[in-house]
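S.K.: Questions regarding the structure given below will be posed in turn.
No value in this document is a laboratory result; all are computed from the given coordinates. Everything quoted here is computed from the prediction, not taken from an experiment. We place every Cβ from the backbone using ideal geometry, glycine too, and count neighbours over all the protein chains shown.
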Amino acid sequence: MKDFTQDDIIKIIKIQSICRKWLVSKNNIYTLVKKFKTLKQTFHAVITGYHMINKAPIKESVWEEINCGIVKKVCLITDCANGNHASGKDNKFDNINYSNKSTKVEGNNISISSYRLTSVCNDANKGNPDEILKEIKKRDSSFDYYSILIRKEKEKELIEYMWYIIPKDYYVFKTDSLTPKIGKQGKKINLVVGWESKYSDITFSMSSQLWYKFNIKDIEKYKVCSTEIDNSKSKINYSQIFQSFGNSI
């Protein structure tokens, strides 16, 4: 430290303080959710606008694009998935990486698909927990949060959409240990057919896909906003959109 003056030390401490403040802000979910809650009206407008044209519910690649449309006025969007389903990060808002997921709630039960893990476990090679957990951690390193759109399909074609922003290290997404799933293949019994933990499941016959399974009440505190749409209403077709902008066929 003898090569530094007192002014240098003060400047270094100040820079360290600024860096710590930035890191806390970047990883503070409550700061993020507070910011995104201002988007309630935009969320409603974008979701409703989508269903003025489309009957199909909003799913993975569509949600990636719609999520960008919802936040573009309040966030700097520096990266978009554009339907690319590579493992991990999908979108980047304000220099924070998000993995976009969508699913349907059944009662209170949520199932969210994640990585295919055939490279580390499959029918021919059951793998071992350490290698599988290492691979999951490697793929998780590309993002910080999940941006999840959950839909509840109700009677009379009503659909409630709920948006959640959840840290990737929240307990329902933490797979710290795995135990073998025992089942059968044809006449063979007591075989290892996959792996499981409290909130996750891997089944070799389902392309060794990692699934997270939990109760929707477990993530309630991370809900950003929600809206309900009537999907029974007649839709605008693409020709009508074309003509509405003064074009003619």
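S.K.: List every residue pair whose Cβ atoms sit under 7 Å apart, with the two residues 6 or more apart in sequence or on different chains, where the first one lies in the range 90-111 and is aliphatic (A, V, I, L, M) and the second, anywhere, is surrounded by fewer than 22 Cβ atoms within 10 Å (Cβ to Cβ) and not in a strand (DSSP E or B).
M.R.: That search, which allows pairs on different chains as well, returns 96/26; 96/144; 105/216; 110/216.
S.K.: Is it the case, given these coordinates, that residue 161 is touching a strand residue (DSSP E or B) at 6+ places or on another chain (Cβ under 6 Å) and aromatic (Phe, Trp, Tyr)? Full working, then the answer.
M.R.: Working: touching a strand residue (DSSP E or B) at 6+ places or on another chain (Cβ under 6 Å): yes; aromatic (Phe, Trp, Tyr): yes.
Answer is yes for this residue.
S.K.: Can you tell me which residues in the range 50-60 are touching a residue at least 12 places away in the same chain (Cβ under 8 Å), closer than 23 Å to residue 105 by Cβ, surrounded by fewer than 16 Cβ atoms within 10 Å (Cβ to Cβ) and not basic (Lys, Arg)? Outline the logic, then answer.
M.R.: First, pick out the residues of the range 50-60 that are touching a residue at least 12 places away in the same chain (Cβ under 8 Å): 50-55, 57-60.
Those left that are additionally closer than 23 Å to residue 105 by Cβ: 50-51, 54-55, 57-60.
Among the residues that remain, those that are also surrounded by fewer than 16 Cβ atoms within 10 Å (Cβ to Cβ) are: 54-55, 59.
The one that is touching a residue at least 12 places away in the same chain (Cβ under 8 Å), closer than 23 Å to residue 105 by Cβ, surrounded by fewer than 16 Cβ atoms within 10 Å (Cβ to Cβ) and not basic (Lys, Arg): 54.
S.K.: Then there is this: Looking only at the range 85-127, count every residue that is loosely packed, with under 14 Cβ neighbours inside 10 Å and within 17 Å of residue 202 (Cβ to Cβ) and tell me the total.
M.R.: 4
S.K.: Additional query: What pairs come up if the first residue lies in the range 205-216 and is farther than 17 Å from residue 178 by Cα, the second is part of a strand (DSSP E or B), and their beta carbons are under 6 Å apart, counting only those six or more places apart or on different chains?
M.R.: Here the result reads 207/116; 216/110, each pair linking the range 205-216 to a residue that is part of a strand (DSSP E or B).
S.K.: In the range 35-75, how many residues are among the aliphatic types (A, V, I, L, M), more than 17 Å from residue 152 (Cβ to Cβ) and part of a helix (DSSP H, G or I)?
M.R.: Here the count works out to 9.
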